[in-house]
Every structure is written in structure tokens, then in C-alpha cells.
Amino acid sequence: MLKLYFAPRSRAIRVAWLLEEMDLDYELVSYALGDPAMRSPEYRADIHPMGRVPVLVDGDVQIMESGAILEYLITRHDGDRFRPAPTNREYPAYLQWLHYSEGMLMPQVNSYMVETFFLPPERQSETHAKRAKKLLGQMLAPVDSALDGRNYLAGDFSAADIMTGSAAISAKGIGIDMSHMPRLIEYVDRLMTRPAYKKAAAL
């Protein structure tokens, strides 16, 4: 059985979301976000060298990084319905939005969370937090534009929506103003009502 090392409110939700969409059985090994056990020598040696999640174990395969795990699951576990074929005209858009999350959106989410949650109050910077929110708002604008006339980023619902969509959900969670991006608001609401997302978010 697949095994997922997981923490709530982390990128591991993406993996659980796809597992639920694919209706695959999996064992969940859950930690609280920032659990000291994840930074133990044993965890770093055996699970993740940086003491993080997600990590997926599939027999003798152990793989980290949420985007890589999603691609692995789709390729190895008959999940082609969650990505367009390379010959499909939507394939370039799929690749773009699959990687846009980590390339553009999540670095700003991370910066904001560090400055408002992870650092002790005396080390937090309101200036850096505000800048991260401003940049994140700007970087979400192309997502809103890409949704013009469509429900999902690459035709049908795909792993690109799990990656970039989850970042947009995180942006909503930290209070990014989306009032001028109505398509993005509808998109986030559409994703959050999917049964598989609800299951993953409730873990």
C-alpha cells in the first residue's frame, strides 16, 4: 500500500488530494506542522533529509517534493485522466500551470508565513510580509486571466489545478485581496467544493 508522510496545512495536502481524486488506498503517517519528530536524526536519515513533508513511499520507491509525487502517481498508477496527453493542445498550458505554483506563487506564501507565523515576534518584519502579499497578488493575476472562459487551467481538471489551485487556496487563506479577480474567486470556490479536496483538507 502507498504510504504518505503528511502534515495539515502543508504541501502534503496536494498529494492527499490527488490520491483521493484517483481513489487510491494509502496509509497516512501524520505529523503536526513543525513537529520536532520530523527533525529527528532518524526522520532525516530515513524519510526526508530536510525534516519535511510530503514523502510518498510506494514499495521500494521513496519520493519527496509534491509536484514530483503528483507526476509519479499519474504515471505509475494509471492517472492519465489528470493530465492531457503530450499531443493535446492543452499540454503546454498544463506544464506551465503545473510548475507556476512553486516557481511564482508559493515562494511568496512561504515568505509571508515565515514573517507572520514561523519567526518569533521580535524577528518578524511587517515590511517583508506586506511585500510578499503584494507580490503574491500580482502573481495571481495571470491565473485569473488564464481562467477566462474556462473552469480549469488546462481544459479538464488536472494535476495543474491541484498545484496552482492549492497555492491560490493558500493565498485566500492568508487574506489576499481577490476582489478584482472574479474568475479566480470562482475557481478557488470550485476547487474547494471538490469532494477529494474536502477529504484531503480535513486530514
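Here are a few things to note about the model shown:
- Among the candidates GLU126, GLU122, GLU102, the residue that is surrounded by 15 or more Cβ atoms within 10 Å (Cβ to Cβ) and of a type in the set (Asp, Glu) is uniquely GLU102.
- Residues (assigned to a helix (DSSP H, G or I) and in contact with an Asp or Glu (Cβ under 9 Å, 6 or more places away or on another chain)) located in region 173-189: PRO182, ARG183, LEU184, ILE185, TYR187
- The number of residues in region 133-161 being crowded, with 20+ Cβ neighbours inside 10 Å, of a type in the set (Gly, Ala, Ser) and under 18 Å from the mean Cα position of the chain (by Cα) comes to 4.
- Flag if LEU19 is surrounded by 13 or more Cβ atoms within 10 Å (Cβ to Cβ), under 11 Å from LEU73 (Cβ atoms) and under 17 Å from the mean Cα position of the chain (by Cα): yes
- Residue within region 35-53 that is within 13 Å of SER10 (Cβ to Cβ), part of a helix (DSSP H, G or I) and in contact with a Gly (Cβ under 7 Å, 6 or more places away or on another chain) present: yes
For every residue, the table says whether it meets (1) exposed (fewer than 13 other Cβ atoms within 10 Å of the Cβ); (2) of a type in the set (Asp, Glu); (3) touching a residue at least 60 places away in the same chain (Cβ under 8 Å); (4) not assigned by TED's automatic domain parsing to the domain that holds ASP161.
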{"site": "PRO36", "(1), (2), (3), (4)": "yes, no, no, yes"}
{"site": "TYR43", "(1), (2), (3), (4)": "no, no, no, yes"}
{"site": "LEU70", "(1), (2), (3), (4)": "no, no, yes, yes"}
{"site": "ASN110", "(1), (2), (3), (4)": "no, no, no, no"}
{"site": "MET113", "(1), (2), (3), (4)": "no, no, yes, no"}
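- Failed criterion for THR193 (all others in (1) at pLDDT 95 or above; (2) within 24 Å of ARG9 (Cβ to Cβ); (3) surrounded by 13 or more Cβ atoms within 10 Å (Cβ to Cβ) hold): (3)
- Against the test of being in a loop (DSSP other than H, G, I, E, B), under 21 Å from PHE82 (Cα atoms) and touching a residue at least 12 places away in the same chain (Cβ under 8 Å), the options LEU24, LEU4 yield a single qualifying residue, LEU24.
The values are calculated or read from the model by the stated rules, or taken from the named source; none is laboratory data. These numbers come from a predicted model, not from an experiment. Here Cβ is always computed from backbone atoms with ideal geometry, including for glycine, and neighbour counts include all displayed protein chains.
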